[in-house]
Amino acid sequence: MSAVCGGAARTLRTPGRHGYAAEFSPYLPGRLACATAQHYGIAGCGTLLILDPDEAGLRLFRSFDWNDGLFDVTWSENNEHVLITCSGDGSLQLWDTAKAAGPLQVYKEHTQEVYSVDWSQTRGEQLVVSGSWDQTVKLWDPTVGKSLCTFRGHESIIYSTIWSPHIPGCFASASGDQTLRIWDVKAAGVRIVIPAHQAEILSCDWCKYNENLLVTGAVDCSLRGWDLRNVRQPVFELLGHTYAIRRVKFSPFHASVLASCSYDFTVRFWNFSKPDSLLETVEHHTEFTCGLDFSLQSPTQVADCSWDETIKIYDPACLTIPA
Amino acid sequence: MERPRSPRCSAPAPASVTLAQLLLLVQQGQELPGLERRHIAAMHGEPTASQLPRRPKPWEAAALAESVPPPTLRIGTAPAEPGLAKAATAPSSWHTVGS
């Protein structure tokens, strides 16, 4: 691994590893976790990388190998050392960054690839959801070896599962069955089914400043906003990507700003409240760009990772210049 | 992890074949270069104890009308948790369509 500081972006090269997901630590400023897979996730092993910023760019703090490709990662919300990954062999892994080796625990219940994992954001709950190609969502308490609950209903691969940042026990899922679904853990079932696109939906996220608002990103190259009080039509549609949208996230700092990354190699920044919604198109990758995250500490900092074997941390101009 | 990296256009190297090259090898049933097979198992240990308090999310801080101090001032000295956000439940106005 070699760190390069080229232009405005800090870059870490990850030879032989293709980036799937990047997540900033909720505790340590600048610390980033990246879930990667060998051979684009098609075959071979996977590696969880923990990065810290330094004067030269990015420094690899730890790397943990797993038997199969790692597709997503989430940090614990009650322990700065702990994170959970999910992988192509149907398992979840719990890691401790204070230890040189791992994983501490493995949770194997899904019968196919696990593509998404997310740690609950609301206080008083420490729950994890996972979404799989086996068309199920599983709910986990990481201190318990078995899942607490399995949610069925999606009719295709589940690509994304994300907790509401406001409503305890509520999460969203996005699927190849072209629906966005909202689930209630307490009711152990689905609350809302939204036929959000006429294409596979690869990603979804919740607005951090409006508990009713979500965004979906799909293979039809569009982003759509959904107000859960009236889901008959989207409240916004953002067009510009030229291939499938792989991941979308709302800003933790700006109510109407979001970022998306795509198989068109670009990362785009949007403000859906403006007539000209596209703020900026970042073209610094040469392959599918799959992982994306906003810093929770810096209002201007973003990380992404790509199948071009690089991880980048940067401050896009549109976030550094006041709109 | 420290294998040599070759330019994309050169002969196949142990790693870093292009996606197109890899898909072709899979379709042809050929062995994939540099394929790493691991046999890692869970260590069944307990996580290291947490020493840092949970930091409020930016939207929680905004909701409490707090200004967010520069992050460098807060390393390891995060303030105690502010009051718990009001308990929320899924609004009854949410309803599904088409089913």
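The values are calculated or read from the model by the stated rules, or taken from the named source; none is laboratory data. All figures in this text were calculated on a predicted structure; none of them were measured in a lab. Don't worry about glycine lacking a Cβ; one is built from the backbone with ideal geometry, like all the others, and counts go over all protein chains shown. These area figures cover heavy atoms from the full protein model, side chains too; ligands, DNA and RNA do not enter into them. Shrake-Rupley method; radii C 1.70, N 1.55, O 1.52, S 1.80 Å.
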Anchor A:LYS208: lysines whose Cα lies under 17 Å away (excluding residues fewer than 8 positions away in-chain): A:LYS249, B:LYS57, B:LYS86
If you take the Cα Rg of the protein assembly as shown and divide it by 2.2 N^0.38 Å, with N the number of residues, what do you get? 0.92
On a full-extension model of 0.36 nm per residue, what is the gain between A:LEU148 and A:LYS99, subtracting their alpha-carbon distance, rounded to one decimal in nm? 14.9 nm
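Taking R0 as 35 Å, what's the FRET efficiency between A:PHE61 and A:ALA199 from their Cβ-Cβ distance, rounded to 0.05? Please report the intermediate quantities before stating the final value.
On the way: r = 38 Å, r/R0 = 1.10.
Working from the Cβ atoms, E equals 0.35.
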Of every Cα-Cα pair in region A:115-204, the percentage lying beyond 19 Å is 30
With label points built 7 Å along Cα→Cβ from the Cα atoms of A:ALA8 and B:ALA49, find their separation and express it in nm. 4.5
Roughly how much accessible area, to the nearest 100 Å², goes out of reach of solvent when B and A pair up, both sides summed, probe 1.4 Å? 5400
Would you look at the GNM of chain A, springs on alpha carbons closer than 10 Å, and say which of A:LYS274, A:LYS108, A:LYS138 moves the most? A:LYS274
Once the Cα gyration tensor of region A:214-323 is found, what semi-axes does its equivalent ellipsoid get, as square roots of 5 times the eigenvalues, in whole Å, sorted largest first? 21, 17, 12
First compute the accessible area of chain A with a 1.4 Å probe, then give the percent of it belonging to carbon and sulfur atoms. 49
For A:LYS108, which lysines qualify as cross-link partners when the Cα separation must be under 21 Å and same-chain residues fewer than eight apart are set aside? A:LYS138, A:LYS146
Each label sits 7 Å from Cα toward the beta-carbon; between A:GLU155 and A:ASN78 the label points are separated, in nm, by 3.9
Using DSSP to call loops (not H, G, I, E or B), can you name the trypsin sites (Lys or Arg not before Pro) in region A:196-297 whose Cβ has at most 10 other Cβ atoms within 10 angstrom? A:ARG232
If r is the Cβ-Cβ distance from A:GLN112 to B:LEU64 and R0 is 41 Å, what FRET efficiency results, to the nearest 0.05? 0.45
Report the residue, chosen from A:PHE269, A:PHE250, A:PHE151, that carries the largest GNM mean-square fluctuation when chain A is represented by alpha-carbon nodes joined by springs under 10 Å. A:PHE151
For region A:11-320, what does the accessible surface come to per residue with a 1.4 Å probe? Please give it in Å². 29
If you average over every viewing direction, what projected area does the convex hull of the Cα atoms of region A:58-137 give, in nm²? 5.7
Formal net charge of residues neighbouring A:PRO316 (Cβ-Cβ distance under 14 Å; K, R +1; D, E -1): -1
